[in-house]
Amino acid sequence: MMISPRIRAAAVAVIAAGAVGLASAAHADSGTIRFSVFKAAFFVGGSGGEGTLTFKGRRYPVSIAGVSGGLAFGASKTYFQGTVRNIRRASDVTGAYAAVGGGGAVGRGAQMIVMTNEKGARLELSGRQVGLQVNADLSGLAITVK
């Protein structure tokens, strides 16, 4: 059975594109991140904070911002630490993050959450909360690498 040269060329192009995609994913690195977030809310809330990204042996300051709504009230400060995956450079961490799946309590005052941004950077965080806030989960935030 003879395969047309056009079909063969198209098949080679598809295989090559797939190989490039896999190779680029394989070269993504990871780093560590630590930050604190202060949250305050009375139905509409806001959050802000700062921290440090460590990537390829260098430290980068980061700032955190977020807005929440719904039935929320109180104030809290949460200290987060974890891993950032699927990044090639520190600036890949900059962006808006939304929770993937959901967060859950690890223990009294502790949280775990996985979030991703539009560039594919994935935050895997655990945290310790101080203060009282109803609806204290971290469901979305914006991170800026300075």
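Among (1) outside any strand (DSSP E or B); (2) modelled with pLDDT of 90 or more; (3) over 16 Å from the mean Cα position of the chain (by Cα), there is one condition Gly70 misses while meeting the rest; what is its number? All conditions are met except number (2).
Can you name the residue in the stretch 123-143 that is of a type outside the set (A, V, I, L, M, F, W, C) and surrounded by fewer than 19 Cβ atoms within 10 Å (Cβ to Cβ) and, of all such residues, is modelled with the lowest pLDDT?
Taking the candidates together, the pick is Asp137.
Within the stretch 94-122, the set of residues being modelled with pLDDT under 55 and not in a strand (DSSP E or B) comprises Gly101, Gly102, Gly103, Arg108, Gly109.
The values are calculated or read from the model by the stated rules, or taken from the named source; none is laboratory data. Values in this document were obtained by computation on a predicted structure and should not be read as measured data. All Cβ positions, glycine included, derive from the backbone under ideal geometry; neighbour counts span all protein chains shown.
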